[in-house]
1. Just for helices (runs of 4 or more DSSP H) wholly inside segment 97-139: which have at least 1 residues that are in contact with a strand residue (DSSP E or B) (Cβ under 7 Å, 6 or more places away or on another chain), at pLDDT below 55 and under 16 Å from ARG469 (Cβ atoms)?
2. List the residue pairs whose Cβ atoms are under 9 Å apart, where the first residue sits in segment 382-395 and is within 11 Å of TYR324 (Cα to Cα) and touching a residue at least 24 places away in the same chain (Cβ under 8 Å), the second is surrounded by 14 or more Cβ atoms within 10 Å (Cβ to Cβ) and aromatic (Phe, Trp, Tyr), and the two are 6 or more positions apart or on different chains.
3. With the requirement that a residue be without any contact (Cβ under 8 Å) to a residue 40 or more places away in the chain and touching a Gly at 6+ places or on another chain (Cβ under 8 Å), what does segment 305-334 give you?
4. Exactly one of these conditions fails for THR75: (1) at pLDDT below 95; (2) out of contact with any Pro (no Cβ under 7 Å at 6 or more places or on another chain). Give me its number.
5. The conditions are (1) modelled with pLDDT of 90 or more; (2) of a type in the set (Val, Ile, Thr); (3) closer than 22 Å to TRP236 by Cβ, and THR183 fails exactly one of them. Which is it?
6. Show the residue pairs meeting these rules: Cβ distance below 8 Å; 6+ apart or different chains; first residue within segment 60-76 and surrounded by fewer than 21 Cβ atoms within 10 Å (Cβ to Cβ); second residue assigned to a strand (DSSP E or B) and not hydrophobic (A, V, I, L, M, F, W, C).
7. Is at least one residue of segment 321-337 more than 30 Å from LEU375 (Cβ to Cβ), surrounded by fewer than 16 Cβ atoms within 10 Å (Cβ to Cβ) and among the acidic types (Asp, Glu)?
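The values are calculated or read from the model by the stated rules, or taken from the named source; none is laboratory data. Computed from a prediction, not measured in an experiment: that's the story for all the values here. Ideal geometry is used to build each Cβ from the backbone, glycine not excepted, and the neighbour counts take in all protein chains shown.
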Amino acid sequence: MRGETEGLPNVFKLPVLEFELPNGSQCTITNPLAFYDFEGDIPDGFQNMVWSTSLVPEEAESFFKIWPRTYRWPTSSPNAPNEDYERINTLMRGDKAQRGSVRQLRDQVGRLFTYPTPGETALVYEHRLMDIAIGSIEAPHNTVHLLLGGLGYMANADYAGFDPIFYIHHCNIDRILAFWEYTYNEFWVGEGYYHKDGGENVIRFTQSGGPSGSGAVEVDQSSPLQPYRSTKGEYWIPKQARFLNASSSFEQDLVAKVGQEVKRVRLTDPLPTTDEEVHICRAVLQASFPLAQPREGKLELGDAKNETRGGANSKVVPNYRHFYVFVELVGHAFGGSYSLELVHEGQVIASFAIFSRGDQTQCAACRVQREAGGLVKGVVHIPDDVITSIIDSRSDELSRLPDQGKLPEVARAVRESVHVRLVNPAGHLLADAVGHSRGSDSGSGEGAGIPLDDAIIPKIELQSCRAVRKEWPVELEDEPGEAALSFFGHVEFGDLLTSDHQWRKA
């Protein structure tokens, strides 16, 4: 948890490292984790990248063609730029106007382990919104790239691989994926799926925007994972990249108290096969990547009381609804990486990162996808304490409504209290959703330029869901162990932004 209090560890920042050898002598080496030195041989094809808006009089530029080594959050200077590690630490700790980056990352990862067990078909087939509410591993992956990059290498997909921290980051992504496919080992693309209402015909999965950008393509466990080739020169396929291989030496266990017992998730153990085993894995992993725990609400929102979900020892959290927004953004809208930020009372409460390449990329497939208008979809979770604050601020109005009318009114209050903006990797405003009839949170007022092109206006929909907690019995004198959370009862409220808002470029 030290990232939430201290920021980026010094081992990634110090230019040199000092060691004491077994014989007592001192040794100093250049820190291989702090940067990569091109040693005067900058690869062909590197291009500088200019970021400019009307709010930044001097152009912000990334000097990839000139910089002799990699940088993180560098100043816009071709010669010996300063790295703003304090900015990175502030973002990680969540200080003042930018909060919760590390907490948001942990919460995003924890939610990946809230899928129900294979046997809980009532939850699995409830609605497509369940998948939307959980999100994807791409969300925390992209956030880390922009968090560490700024105008530097990690925030640009063409250059990120030159920063040594890239490999630490992707080792962790692989680790998270390994725990996910261990826990949900029956969730697999296979050759397709059967319709939930029955039938013998296998339905193939499709993926929009194939390698050529020509439209949807069918995918299964034998589809080529272009452009990644094995040492034999052949494309890897999904079933070859599933689970740890026989030579893996992954030793880490994740441990948590579940009920009265300490449980472990160890990737070298036999795969969980029963619903109970999967529930235990979920509880351990949700504790290891702690997502925000739901609490009983004070306001009755018209949901069914004493509802049962999730089988034995499962309890629905009373009067609780988690709010989130589904977003759909154009990946190449601003010629590079950018972020969508949700703002409440002047604070950034959550964000969603787009990790992209610049317009000058030499990646041919990426240029085709840009021309096809490739979309990035995901979910942004609104912190529960923000929702509580909004409800408290409208308590008088809400108290006069019948229970069935309170949830729509809370959704309306969220719309009026949260505004949205787009920023580049250095935090410069790109566009703002400006309101015309509400208070300060209906737009910062900074995006006072021309309207944003219709083709790149973000789609942002407000939604909410309920929570169910599976617990394990303990003796009276024992502290309760970890619970396994799932979400259900998803409701759509339509666009987050009210009709009086207009997107404007900075």
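1. Of the helices (runs of 4 or more DSSP H) lying wholly inside segment 97-139, those with at least 1 residues that are in contact with a strand residue (DSSP E or B) (Cβ under 7 Å, 6 or more places away or on another chain), at pLDDT below 55 and under 16 Å from ARG469 (Cβ atoms) span 121-124.
2. Pairs found: ILE382/PHE323; ILE382/TYR324; ASP384/TYR320; ASP384/PHE323; ILE387/PHE323.
3. Selection gives PRO318, ASN319.
4. (2)
5. Evaluating THR183 over (1) modelled with pLDDT of 90 or more; (2) of a type in the set (Val, Ile, Thr); (3) closer than 22 Å to TRP236 by Cβ leaves (3) as the failure.
6. Taking only residues 6 or more apart or on different chains, the pairs are PRO68/ASP37; ARG69/ASP37; SER76/GLU61; SER76/SER62.
7. No, every residue in segment 321-337 fails to be more than 30 Å from LEU375 (Cβ to Cβ), surrounded by fewer than 16 Cβ atoms within 10 Å (Cβ to Cβ) and among the acidic types (Asp, Glu).
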